[in-house]
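Q: Attaching a single structure in structure tokens format; questions to follow.
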Amino acid sequence: RKEVEQDPGPFNVPEGATVAFNCTYSNSASQSFFWYRQDCRKEPKLLMSVYSSGNEDGRFTAQLNRASQYISLLIRDSKLSDSATYLCAMRRGASGSARQLTFGSGTQLTVLP
Amino acid sequence: DGGITQSPKYLFRKEGQNVTLSCEQNLNHDAMYWYRQDPGQGLRLIYYSQIVNDFQKGDIAEGYSVSREKKESFPLTVTSAQKNPTAFYLCASSIAATSAEAFFGQGTRLTVV
């Protein structure tokens, strides 16, 4: 089983829709979680960190469910410019491997006019 | 401007040749990483380094080598032992903390012909 799993999509949604992605992880020692956005043929860029209490940044909401070992990203009022691949990432908390940052395979989102 | 720089952006090499990809950062980050991304795939960790003169293998280290002689630099050599070297290579760096996000360079597209 992969350490981090994401639904690859693609998700095709109309402009203005609400869309949610999940990312499950298998290592309970994972402590830090992130969502990255990657545009076609570009490098990933940090979208937001995911905090235990959940966090919101404008139209984007990230949540962490430690009991079920998944994180989620909710995008409200989708814009055409939200079209991209969304990657989840996480670090373990164990010493030695704490610096290793593991990524999911990404979920492709296309927002349609 | 502070950032992380990869060069070259595009690289073509003949099969059987070793090639070295450059990664330099002026962010004063302790940790640096190399990832490989294949079309439609997520990021797979090749090597990472937590401090100067120290590095660890990631999930797909076979056929690759790295060095970390300076804090700012983490070059990756793709050797002839790597069976499928054509890919998008991404270098990243972060501060040495479990909660730290990683910042990426713009990537190098390596094509082996």
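Quick grid of which residues meet (1) over 11 Å from the mean Cα position of the chain (by Cα); (2) aliphatic (A, V, I, L, M):
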| position | (1), (2) |
| --- | --- |
| A:Pro8 | yes, no |
| A:Gln31 | yes, no |
| A:Ser49 | no, no |
| A:Met90 | no, yes |
| A:Ser105 | no, no |
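Q: If we keep just the residues of the stretch B:79-97 that are more than 18 Å from A:Lys45 (Cβ to Cβ) and open to solvent by 40 Å² or more (accessible area, probe 1.4 Å), which is nearest to the other protein chains (Cβ to nearest Cβ)?
A: B:Ala96
Q: Scanning for something part of a strand (DSSP E or B) and β-branched (Val, Ile, Thr), does the stretch B:47-61 turn up at least one residue? Show your work before the answer.
A: As a first pass, look at the stretch B:47-61 and keep what is part of a strand (DSSP E or B): B:47-49, B:56-57.
Remaining after also requiring β-branched (Val, Ile, Thr): none.
Scanning the stretch B:47-61, I find no residue that is part of a strand (DSSP E or B) and β-branched (Val, Ile, Thr), so the answer is no.
Q: Find the residue count for the stretch A:1-24, including only residues that are at pLDDT 90 or above and more than 11 Å from chain B (Cβ to nearest Cβ).
A: Total satisfying the criteria: 13.
Q: Inside the stretch A:5-113, counting only strands (runs of 3 or more DSSP E) that do not spill past its ends, which hold 1 or more residues that are farther than 21 Å from B:Ser94 by Cβ?
A: Once the strands (runs of 3 or more DSSP E) in the stretch A:5-113 are filtered for at least 1 residues that are farther than 21 Å from B:Ser94 by Cβ, what remains is A:11-14, A:19-25, A:55-57, A:60-65, A:70-75, A:84-92, A:107-112.
Q: Listed residues B:Ser65, B:Ser49, B:Ser73; which is surrounded by fewer than 21 Cβ atoms within 10 Å (Cβ to Cβ), closer than 18 Å to B:Asp30 by Cβ and under 13 Å from the mean Cα position of the chain (by Cα)? First the steps, then the outcome.
A: Working: B:Ser65 fails: closer than 18 Å to B:Asp30 by Cβ; B:Ser49 fails: surrounded by fewer than 21 Cβ atoms within 10 Å (Cβ to Cβ).
Result: B:Ser73 is the single residue among B:Ser65, B:Ser49, B:Ser73 that is surrounded by fewer than 21 Cβ atoms within 10 Å (Cβ to Cβ), closer than 18 Å to B:Asp30 by Cβ and under 13 Å from the mean Cα position of the chain (by Cα).
Q: Among A:Arg37, A:Arg66, which is open to solvent by less than 60 Å² (accessible area, probe 1.4 Å) and away from chain B (no Cβ under 11 Å)?
A: Result of the check over A:Arg37, A:Arg66: A:Arg37.
Q: Moving on to the next point. B:Tyr35 - would you say it is within 12 Å of the chain's Cα centre (by Cα), modelled with pLDDT under 95, of a type in the set (Phe, Trp, Tyr) and not in a loop (DSSP other than H, G, I, E, B)?
A: Spelling it out, it is not the case that B:Tyr35 is within 12 Å of the chain's Cα centre (by Cα), modelled with pLDDT under 95, of a type in the set (Phe, Trp, Tyr) and not in a loop (DSSP other than H, G, I, E, B).
The values are calculated or read from the model by the stated rules, or taken from the named source; none is laboratory data. Computed from a prediction, not measured in an experiment: that's the story for all the values here. Please note: Cβ atoms are built from the backbone with ideal geometry, for glycine as well, and neighbour counts cover all protein chains shown. All accessible areas refer to the heavy atoms of the entire protein, side chains included, with ligands and DNA or RNA removed. Shrake-Rupley method; radii C 1.70, N 1.55, O 1.52, S 1.80 Å.
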